[in-house]
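Peer 1: My questions will all concern the structure given below.
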């Protein structure tokens with residue numbers, strides 16, 4: 001769009017992160033503007049019914065709230081791709097949180113995947129929220145760089161995550177500074193999938 | 001320790017099981033929390049060895065049927081733990097192809113494969129920047145014929161562990177099935193296979209010992225302050241023009257000049273010397289699930305593009321048949337991104353008609369840290 005930017009129209013299918021099973025399809029438009037963050041509109045049809053998704057989210061949430069000792073772990077998955085069973089929910093939480101980071105960092109020409117969680121630390125709270133601090137490693141394409149991000153997230157059930165982060169590339173160049181993703185804009189993008 | 005699989009039939013049974021779990025502090029594997037137990041749904045509980053008798057007796061008493069999912073948890077743990085290099089046994093038949101192996105283990109494996117098979121000979125290729133020896137394996141049926149060659153290298157990028165795992169698997173498959181599979185025998189009647197299991201040896205070792213996500217080699221630059229050239233940007237194919245960095249601190253640093261790295265030169269020398277006989281050049285990477293054709297350095301299609309694409313599409317279709325895994329086929333510059341100095345481009349430019357880059361599993365879920373339990377299916381389908 002001359003003078004404004006470039007608009008993409010997308011139609012795509014989604015799958016569950018771990019099982020690869022079909023999860024539904026989405027329609028989206030992304031408008032890359034010259035000087036600000038892209039504008040995204042997205043609408044998805046889930047193949048699983050909302051009630052089931054809610055239930056699974058609830059189980060996931062209660063497991064994390066259930067911990068009396070804070071979960072502290074490193075290298076998820078480990079070098080051989082293994083993830084301890086009890087840490088699967090932590091991995092899942094990091095995936096959702098990092099998706100906010102990746103959404104903000106990505107551009108028309110750079111994309112990301114979550115390569116590994118270097119460290120995860122839970123903060124046990126007196127209120128009903130789940131709180132975690134992560135160090136995540138993002139694989140950036142096409143530069144092939146590994147970006148290291150400190151990510152702090154708070155999840156109150158029924159609300160989108162509150163994510164704060166700061167990233168550097170492993171070569172210790174401080175990129176882009178910090179950002180925060182929370183509230184309404186994220187509402188439409190909040191993935192409610194269980195079945196990681 | 002045992003893991004029991006129980007499907008409670010009534011609410012009463014559920015309550016009893018919840019009680020059992022909390023009083024005996026049993027390790028609930030599925031579901032995550034005791035309060036999530038439901039009649040008619042699977043339960044997996046790990047019972048510590050000293051409590052096994054007691055738990056089973058209690059289940060019998062309450063008429064709750066169970067199956068033993070895992071008879072000995074420790075045994076399973078031991079089996080899946082990566083072997084220490086010092087205790088690695090010498091016999092190739094014991095080599096576990098469904099595990100990732102250290103470079104030391106791979107060196108030993110290559111020597112033993114050579115000693116135990118008439119078809120395989122190990123050849124010196126060159127030295128890495130840290131002065132380690134590079135070897136390739138030649139799989140060749142003894143004959144008077146001058147045969148054409150298919151070259152395959154793995155592990156040009158250190159962190160892509162599934163790639164060397166595939167090369168090892170490939171060699172094993174050919175050797176194990178040579179006698180029984182007429183297709184393989186026919187293949188080897190007319191073709192020799194040259195396999196380089198790990199191209200970037202120094203980098204691979206570094207990814208085991210120090211930084212799992214290392215990509216480049218270990219050459220030193222900038223007065224000793226920065227390490228590593230991206231070997232797949234270092235070949236003399238439009239070197240340094242696109243999709244590279246001239247800065248050593250980048251993961252796609254193309255080196256101080258084309259073929260500046262000893263690893264690159266070692267490969268180039270061998271392939272140049274045999275290029276009139278080389279029919280196909282294959283280089284194995286991860287991840288992404290692609291079969292890539294030339295070029296990365298330009299969108300202009302290679303002269304034999306139709307044939308290249310046809311073969312690749314046939315391969316992708318065959319691959320998908322095995323486990324349903326889908327691979328995308330196309331030229332690097334069109335479906336992935338532009339890059340110059342790649343080994344694939346170089347091979348085609350010097351006249352090797354078929355040149356492909358394979359990006360193996362997965363599509364980003366685990367990425368570089370692909371779990372070892374995916375080695376077998378990945379290799380089987382790619383085979």
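Peer 1: So, of the residues in region B:23-35 that are within 11 Å of chain A (Cβ to nearest Cβ) and either under 38 Å from the mean Cα position of the chain (by Cα) or in a loop (DSSP other than H, G, I, E, B) (or both), which turns out to be modelled with the lowest pLDDT?
Peer 2: B:32
Peer 1: Moving on to the next point. With the requirement that a residue be within 14 Å of chain A (Cβ to nearest Cβ) and surrounded by fewer than 17 Cβ atoms within 10 Å (Cβ to Cβ), what does region B:43-60 give you?
Peer 2: Listed by number, the residues that qualify are B:44, B:46.
Peer 1: Exactly one of these conditions fails for residue A:62: (1) touching a residue at least 60 places away in the same chain (Cβ under 8 Å); (2) farther than 24 Å from residue B:207 by Cα. Give me its number.
Peer 2: (1)
Peer 1: So residue A:69 fits all but one of (1) more than 17 Å from the chain's Cα centre (by Cα); (2) farther than 26 Å from residue B:30 by Cα; what number is the exception?
Peer 2: Checking residue A:69 against (1) more than 17 Å from the chain's Cα centre (by Cα); (2) farther than 26 Å from residue B:30 by Cα, the one that fails is (2).
Peer 1: Separate question: Would you call residue A:128 modelled with pLDDT under 95, away from chain B (no Cβ under 14 Å) and more than 15 Å from the chain's Cα centre (by Cα)?
Peer 2: Here the answer is yes, as residue A:128 does meet what is asked.
Peer 1: Right, here's the next one. Can you spot a residue in region A:13-22 that is over 15 Å from residue B:32 (Cα atoms), away from every other protein chain (no Cβ under 13 Å) and surrounded by fewer than 17 Cβ atoms within 10 Å (Cβ to Cβ)? Write out each step before concluding.
Peer 2: We begin by selecting, within region A:13-22, every residue over 15 Å from residue B:32 (Cα atoms); these are A:13-22.
Still in the running and away from every other protein chain (no Cβ under 13 Å): none.
Within region A:13-22, none of the residues are over 15 Å from residue B:32 (Cα atoms), away from every other protein chain (no Cβ under 13 Å) and surrounded by fewer than 17 Cβ atoms within 10 Å (Cβ to Cβ).
Peer 1: Are any of the residues in region A:154-168 within 13 Å of chain B (Cβ to nearest Cβ), modelled with pLDDT under 50, surrounded by fewer than 20 Cβ atoms within 10 Å (Cβ to Cβ) and more than 25 Å from residue A:53 (Cα to Cα)?
Peer 2: no
Peer 1: Residues in region B:139-194 that are buried (at least 22 other Cβ atoms within 10 Å of the Cβ) and part of a loop (DSSP other than H, G, I, E, B): how many?
Peer 2: Here the count works out to 7.
Peer 1: Could you list all residues from region B:347-377 that are part of a helix (DSSP H, G or I) and either within 15 Å of the chain's Cα centre (by Cα) or surrounded by 24 or more Cβ atoms within 10 Å (Cβ to Cβ) (or both)?
Peer 2: Going residue by residue through region B:347-377, those that are part of a helix (DSSP H, G or I) are B:347-349, B:372-377.
Once the filter is applied, which keeps residues that are part of a helix (DSSP H, G or I) and either within 15 Å of the chain's Cα centre (by Cα) or surrounded by 24 or more Cβ atoms within 10 Å (Cβ to Cβ) (or both), region B:347-377 yields B:347, B:372, B:373, B:374, B:375, B:376, B:377.
Peer 1: Could you pull out every one of the strands (runs of 3 or more DSSP E) wholly within region A:1-79 that has 2 or more residues that are assigned by the TED database to the domain that holds residue A:101, at pLDDT 90 or above and touching a strand residue (DSSP E or B) at 6+ places or on another chain (Cβ under 8 Å)?
Peer 2: On the way: elements: A:5-15, A:22-33, A:39-46, A:72-76.
Because the criterion is at least 2 residues that are assigned by the TED database to the domain that holds residue A:101, at pLDDT 90 or above and touching a strand residue (DSSP E or B) at 6+ places or on another chain (Cβ under 8 Å), the strands (runs of 3 or more DSSP E) in region A:1-79 that meet it are A:72-76.
Peer 1: When you look at residue B:284, is it surrounded by 18 or more Cβ atoms within 10 Å (Cβ to Cβ), under 15 Å from residue B:166 (Cα atoms) and more than 14 Å from every other protein chain (Cβ to nearest Cβ), yes or no? Walk me through it before giving the result.
Peer 2: Values: surrounded by 18 or more Cβ atoms within 10 Å (Cβ to Cβ): yes; under 15 Å from residue B:166 (Cα atoms): yes; more than 14 Å from every other protein chain (Cβ to nearest Cβ): yes.
Yes: the conditions hold for residue B:284.
Peer 1: Which one of the conditions (1) in a loop (DSSP other than H, G, I, E, B); (2) touching a strand residue (DSSP E or B) at 6+ places or on another chain (Cβ under 9 Å); (3) at pLDDT 95 or above; (4) surrounded by 15 or more Cβ atoms within 10 Å (Cβ to Cβ) does residue B:344 fail to meet, given that it meets all the rest?
Peer 2: If we test residue B:344 against (1) in a loop (DSSP other than H, G, I, E, B); (2) touching a strand residue (DSSP E or B) at 6+ places or on another chain (Cβ under 9 Å); (3) at pLDDT 95 or above; (4) surrounded by 15 or more Cβ atoms within 10 Å (Cβ to Cβ), just (1) comes out false.
Peer 1: Among the residues of region B:245-291, count how many are within 25 Å of the chain's Cα centre (by Cα) and not in a helix (DSSP H, G or I). Walk me through how you get there before you give the answer.
Peer 2: First pass over region B:245-291, keeping only residues within 25 Å of the chain's Cα centre (by Cα): B:250-254, B:261-268, B:270-271, B:278-291.
Subset that is not in a helix (DSSP H, G or I): B:250-254, B:261, B:278-291.
Result for region B:245-291: 20.
Peer 1: Okay, moving on. Being surrounded by fewer than 23 Cβ atoms within 10 Å (Cβ to Cβ) and in a loop (DSSP other than H, G, I, E, B) is the filter; apply it to region B:328-339 and report the residue that is nearest to the chain's Cα centre (by Cα). Full working, then the answer.
Peer 2: Quick first cut of region B:328-339, residues surrounded by fewer than 23 Cβ atoms within 10 Å (Cβ to Cβ) only: B:328-331, B:334-338.
Retained after the next criterion (residues that are in a loop (DSSP other than H, G, I, E, B)): B:336-338.
Details: B:336: 20, B:337: 22, B:338: 24 Å.
In this case the residue turns out to be B:336.
Peer 1: Another one. I'd like to check something: does region B:68-84 contain any residue that is within 37 Å of the chain's Cα centre (by Cα), within 30 Å of residue B:176 (Cβ to Cβ), assigned to a loop (DSSP other than H, G, I, E, B) and at pLDDT 85 or above? Step through it out loud before you land on a result.
Peer 2: From region B:68-84, those within 37 Å of the chain's Cα centre (by Cα) are B:68-84; that's our starting set.
Right, trim to within 30 Å of residue B:176 (Cβ to Cβ) and you get B:70-72, B:75-84.
Among the residues that remain, those that are also assigned to a loop (DSSP other than H, G, I, E, B) are: B:71-72, B:81-84.
Next cut, at pLDDT 85 or above only: B:71-72.
Within region B:68-84 (the criterion being within 37 Å of the chain's Cα centre (by Cα), within 30 Å of residue B:176 (Cβ to Cβ), assigned to a loop (DSSP other than H, G, I, E, B) and at pLDDT 85 or above), the answer is yes, since at least one residue qualifies.
Peer 1: Pick out the one residue from B:248, B:254 that is more than 10 Å from chain A (Cβ to nearest Cβ) and either touching a residue at least 12 places away in the same chain (Cβ under 8 Å) or crowded, with 22+ Cβ neighbours inside 10 Å (or both).
Peer 2: Criteria check complete, one pass: B:254.
Peer 1: Take the residues of region B:207-229 that are assigned to a loop (DSSP other than H, G, I, E, B) and touching a residue at least 40 places away in the same chain (Cβ under 8 Å): which is surrounded by the fewest Cβ atoms within 10 Å (Cβ to Cβ)?
Peer 2: Within region B:207-229, the match that is surrounded by the fewest Cβ atoms within 10 Å (Cβ to Cβ) is B:213.
The values are calculated or read from the model by the stated rules, or taken from the named source; none is laboratory data. Everything numeric here is computed off the predicted structure, so don't read it as measured data. Every residue, glycine as well, gets a Cβ built from its backbone with ideal geometry; the counts of neighbours run over all protein chains shown.
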